[in-house]
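Enquirer: Before I ask anything, let me first share the structure, which is written out below as structure tokens.
Read-outs throughout are calculated quantities, based only on the coordinates presented, and are distinct from any laboratory measurement. If you're wondering where the values come from, they're calculated on a predicted model, not measured in any experiment. So basically every Cβ, Gly included, is an ideal-geometry build from the backbone, and we count neighbours across all protein chains shown.
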Amino acid sequence: MILTVLSAMAEPTRLEAMRILSDGSEHCVCELMKRLGATQSRMSRHMQVLKQAGLVTDRRDAQWVRYRLNPALPPELDAVVAAVFRAAQSQERSAA
């Protein structure tokens with residue numbers, strides 16, 4: 001399971017989507033598309049990978065699909081996600 005999570009988060013667009021979702025709110029695909037500069041089909045594919053890895057949940061709201069981080073993520077996977085976020089943030093600071 002950890003390898004699936006790491007693999008899902010290894011792609012930059014998916015990692016950024018996870019960071020957006022880490023604010024605890026639901027976000028629709030249209031918002032994620034706009035913020036990440038992705039097409040609808042590409043964003044939907046990325047979100048499907050995150051959902052299959054168990055990292056996000058979705059909810060249909062009329063014609064929109066809204067995503068949020070999975071609140072039932074096991075503690076050990078939550079720790080992996082937090083470590084990936086910290087590593088990415090540290091890498092960004094080093095590059096700046």
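Enquirer: Among the residues of the stretch 4-14, is any over 12 Å from the mean Cα position of the chain (by Cα), on the phi > 0 side of the Ramachandran plot and either part of a helix (DSSP H, G or I) or surrounded by fewer than 17 Cβ atoms within 10 Å (Cβ to Cβ) (or both)?
Expert: The answer is no; no qualifying residue exists.
Enquirer: Just name the residue that is nearest to Asp78 (Cα to Cα) out of those in the stretch 3-17 that are touching a helix residue (DSSP H, G or I) at 6+ places or on another chain (Cβ under 6 Å) and touching a residue at least 60 places away in the same chain (Cβ under 8 Å).
Expert: In this case the residue turns out to be Val5.
Enquirer: For the stretch 20-45, name all the residues that are surrounded by fewer than 17 Cβ atoms within 10 Å (Cβ to Cβ), touching a residue at least 40 places away in the same chain (Cβ under 8 Å) and under 23 Å from Gln91 (Cβ atoms).
Expert: Scanning the stretch 20-45 gives a single hit, Ser22.
Enquirer: Could you list all residues from the stretch 68-93 that are out of contact with any Gly (no Cβ under 9 Å at 6 or more places or on another chain), more than 12 Å from Ser22 (Cβ to Cβ) and of a type in the set (A, V, I, L, M)?
Expert: If the condition is that a residue be out of contact with any Gly (no Cβ under 9 Å at 6 or more places or on another chain), more than 12 Å from Ser22 (Cβ to Cβ) and of a type in the set (A, V, I, L, M), then Ala79, Val80, Ala83, Ala87 are the ones that fit.
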